[in-house]
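I have placed the structure first, in the form of structure tokens, so that the comments after it can refer back to it.
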Amino acid sequence: MVLAPAARRLPPVLAALVLLALVVSGLRPHDRFTWLLEVFWVIGGLPLLVVIWRRFPLTSLTCCLLAAHALVLIVGGHYTYARVPFGHWLQDVLELSRNPYDRIGHLMQGFVPAILMRELLVRTSPLRGSAWLAPLTVCVCLAFSAFFEMLEWWAALAAGEAADAFLAVQGDQWDTQWDMACALIGATTSLLLLSRPHDRQLARLRAPAAVGTA
């Protein structure tokens, strides 16, 4: 599959940006254990994308979204979600009772995986153009969100009070339900806003292969 020059240059730039942010965030994080838990997905996901890239390059939209999600995780890991300065600023401006950066993280947990999963389903399954594509994508995002909440539960059982910063509950007894609701809102919003531009990029990604086989 042949990529346009701009599409070939973008992923290395984004990867370098994410890697630099990861290194800087790990120099003096607020809590090393929380940092490791939060950036685990970045540490594991970045090498995986590099390994599979030659056989399965992603669209530029998906790459940009993954980089943005990685930066949200990295910032949350460095400060812990309840202490992120941007979240404190939002809390003051909106007169909220808690730092909302954790909510932003869970919105991204639906917003970004929705496009990633949509791309995987369109390119590897018969669902391209199907009316089931969007609802199944949302279901996968919700399943991942629920699994992540179980990971938080297991981390709390294993680490006790050491996992408090990772949980970022901030005294909210409905935090788990809010987290999953945010993922649902994020996934739905992502599909409503980005499905059409995503389809255009997917068509350009398929075009060279189609020309080569004509």
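Here are the numbers for the structure shown:
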quantity: Contour excess over end-to-end distance, with Cα ends at residue 55 and residue 10 and 0.36 nm allotted per residue; calculated: 14.5 nm
quantity: Calculated semi-axes √(5λ) of the Cα gyration tensor in Å (choose from [x] 21, 21, 18; [y] 32, 20, 15; [z] 29, 21, 14), label; calculated: [y]
quantity: Average Cα contact separation per residue, the chain, under 8 Å, 6 or more apart, as relative contact order %; calculated: 27 percent
quantity: Relative exposure of 64, 182, judged by other C-beta atoms within 10 Å (fewest first); calculated: 64, 182
quantity: Estimated [θ] at 222 nm from DSSP helical runs (n ≥ 4, -39500 (n - 2.57)) normalised by residues in the chain, nearest 500; calculated: -26500 deg cm²/dmol
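Values quoted throughout were computed directly from the atomic coordinates according to the rules given, and no laboratory measurement underlies them. Model, not experiment: these values are computed from the prediction. Every residue, glycine as well, gets a Cβ built from its backbone with ideal geometry; the counts of neighbours run over all protein chains shown.
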